[in-house]
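I have placed the structure first, in the form of structure tokens, so that the comments after it can refer back to it.
The values are calculated or read from the model by the stated rules, or taken from the named source; none is laboratory data. Here the structure is a predicted model, which is why all the values come from computation and not from measurement. Here the Cβ is made from the backbone with ideal geometry for all residues, glycine too, and neighbour counts use every protein chain on show.
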Amino acid sequence: MKLAFVGFQHPHMLEMYHHAQILDGVAVVAACEENEGTRQHLMARGDVSITHERFDQMLDAVECDAVAVGDYFARRGSLILQALARGKHVLVDKPVCTSLAEIGQIERICRERGLKLGCMLTMRDSGPIIGLRNLIRSGLIGDVQAISFGGQHPLLPGTRPSWYFEPGKHGGTINDIVIHAVDAIPWITGQPFTVLHAARTWNALAREHPHFRDGGQIMASLGNACGVLGDVSYFMPNSMGYSLPHYWRMTFWGEKGMVETSTTADSILVALDGEPQPRLEPLPEGNPAGYFKAFLAEIAGQSRPDQLTTDVILTATRQALTMQWAADVGAREVGL
């Protein structure tokens with residue numbers, strides 16, 4: 001597959017670029033960065049071989065099968081739509097876009113033209129999360145009744161890209177972060193999200209940017225009436241980065257007991273009714289670049305039932321955007 005890149009204003013794109021260089025069957029044929037400051041920084045460091053300064057010129061000049069899209073969050077939707085209009089499959093960092101109107105347009109074009117949408121939803125590739133899925137799907141704790149997750153991130157002022165704090169470019173803390181859980185939880189449990197009961201965002205620690213609502217929480221239900229409580233605030237201590245055991249900590253309560261882990265953990269806590277003490281289960285192997293492999297598999301018509309697909313990504317994106325919208329307008333009891 002011939003792959004062209006556009007937009008490197010988020011560090012996730014450097015990881016995606018690396019994956020493209022090492023995966024079999026992928027050839028990086030071009031890379032575009034329209035932001036001059038970012039472009040000069042990348043070229044000075046030698047991280048990326050930038051070939052174009054304008055996306056439209058790259059699409060005109062370069063033969064490619066797919067486009068990998070980054071850039072600031074609010075720009076991604078328009079870049080995706082441009083690529084789809086040219087008949088290109090699209091692989092995008094999360095979030096896919098920042099409006100329900102955009103995801104509707106993206107879905108329509110994908111359906112009409114048979115194009116595929118991949119997304120860098122990496123929790124499915126994490127050993128701890130794969131282990132959670134294996135245990136829960138085995139019936140170890142029975143039917144899951146309640147889930148709580150902490151997806152708090154460090155805000156990292158001075159390190160995080162400055163556009164995060166520019167009005168109109170970020171699109172909301174819930175949409176930014178919750179999509180990982182919105183994708184992973186149905187994959188783990190086999191139950192879809194059905195109702196958003198409440199969502200809230202607020203300005204808490206980012207006081208220098210009062211428009212930026214760095215706090216974010218949701219309350220939702222799954223198809224079996226399982227309750228879900230989630231916090232995706234930018235409240236993690238900056239000095240500790242992503243190292244704490246609370247980073248993407250997920251707790252599942254079932255009929256027979258509970259399981260808990262996080263993406264920084266080296267085991268899974270299992271506490272079963274009838275046993276005297278909790279125990280620790282070892283982690284399975286992770287699946288590095290699994291999101292990318294799933295994208296390639298779908299294009300080839302070889303998707304497995306447990307892999308990301310265009311339909312799964314569209315659903316998760318729409319649900320995350322709906323949660324963000326509900327927080328913005330104060331809506332309650334919204335169907336997902």
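Is region 159-167 home to any residue that is in the same structural domain as residue 217 (by TED's automatic domain parsing) and within 28 Å of residue 251 (Cβ to Cβ)? Yes, region 159-167 contains a residue that is in the same structural domain as residue 217 (by TED's automatic domain parsing) and within 28 Å of residue 251 (Cβ to Cβ). When region 1-21 is limited to residues that are over 21 Å from residue 59 (Cα atoms) and modelled with pLDDT of 95 or more, the one that is surrounded by the fewest Cβ atoms within 10 Å (Cβ to Cβ) turns out to be 18.
Residues in region 1-33 that are among the charged types (D, E, K, R) and more than 19 Å from residue 78 (Cβ to Cβ): 2, 15, 24. Residues that are within 18 Å of the chain's Cα centre (by Cα) and of a type in the set (Gly, Ala, Ser) were ranked within region 56-103; the one that is modelled with the lowest pLDDT is 70. When 223, 257 are checked against the criterion of being of a type in the set (Gly, Ala, Ser), without any contact (Cβ under 8 Å) to a residue 60 or more places away in the chain and touching a strand residue (DSSP E or B) at 6+ places or on another chain (Cβ under 9 Å), 223 stands alone in meeting it. When 257, 241 are screened for being more than 24 Å from residue 183 (Cβ to Cβ), surrounded by fewer than 18 Cβ atoms within 10 Å (Cβ to Cβ) and in the same structural domain as residue 231 (by TED's automatic domain parsing), only 257 passes.
For region 157-169, filtered to residues that are out of contact with any strand residue (DSSP E or B) (no Cβ under 9 Å at 6 or more places or on another chain) and surrounded by 15 or more Cβ atoms within 10 Å (Cβ to Cβ), the residue that is nearest to residue 210 (Cα to Cα) is 165. Among the numbered conditions (1) surrounded by fewer than 19 Cβ atoms within 10 Å (Cβ to Cβ); (2) in a helix (DSSP H, G or I); (3) within 19 Å of the chain's Cα centre (by Cα), tell me where residue 132 comes up short. All conditions pass for residue 132, except number (1). Restricting attention to region 256-306, the residues that are in contact with a helix residue (DSSP H, G or I) (Cβ under 9 Å, 6 or more places away or on another chain), in a strand (DSSP E or B) and not β-branched (Val, Ile, Thr) total 2.
Here residue 271 meets the list (1) surrounded by fewer than 18 Cβ atoms within 10 Å (Cβ to Cβ); (2) over 27 Å from residue 224 (Cβ atoms); (3) of a type in the set (A, V, I, L, M, F, W, C) almost entirely, failing just condition (2). Sub-8 Å Cβ pairs linking a first residue in region 283-307 that is within 18 Å of residue 129 (Cα to Cα) and in contact (Cβ under 8 Å) with a residue 40 or more places away in the chain to a second residue that is hydroxyl-bearing (Ser, Thr, Tyr) and assigned to a loop (DSSP other than H, G, I, E, B), at least 6 apart or interchain, are 283/267; 286/126; 294/303; 294/309, ordered by first then second residue. Scanning region 92-129 for residues that are within 13 Å of residue 312 (Cβ to Cβ) and not in a helix (DSSP H, G or I) yields 94, 96, 116, 117, 118, 119, 121. Looking across region 34-55 at every residue that is hydrophobic (A, V, I, L, M, F, W, C) and exposed (fewer than 15 other Cβ atoms within 10 Å of the Cβ), the one that is nearest to residue 77 (Cα to Cα) is identified as 43. Any chance region 204-212 includes a residue that's in contact (Cβ under 8 Å) with a residue 12 or more places away in the chain and not in a loop (DSSP other than H, G, I, E, B)? No; the residues of region 204-212 include none that is in contact (Cβ under 8 Å) with a residue 12 or more places away in the chain and not in a loop (DSSP other than H, G, I, E, B).
In this entry, residue 317 is excluded by the filter for residues that are crowded, with 18+ Cβ neighbours inside 10 Å, among the polar types (S, T, N, Q), part of a loop (DSSP other than H, G, I, E, B) and outside the structural domain of residue 93 (by TED's automatic domain parsing). When 38, 51 are screened for being of a type outside the set (Asp, Glu) and modelled with pLDDT under 95, only 38 passes. Here residue 36 does not fit the description of being charged (D, E, K, R) and within 24 Å of residue 122 (Cα to Cα).
State whether the residues of region 287-295 include one that is on the phi > 0 side of the Ramachandran plot and either among the charged types (D, E, K, R) or surrounded by 14 or more Cβ atoms within 10 Å (Cβ to Cβ) (or both). Among the residues of region 287-295, at least one is on the phi > 0 side of the Ramachandran plot and either among the charged types (D, E, K, R) or surrounded by 14 or more Cβ atoms within 10 Å (Cβ to Cβ) (or both), which makes the answer yes.
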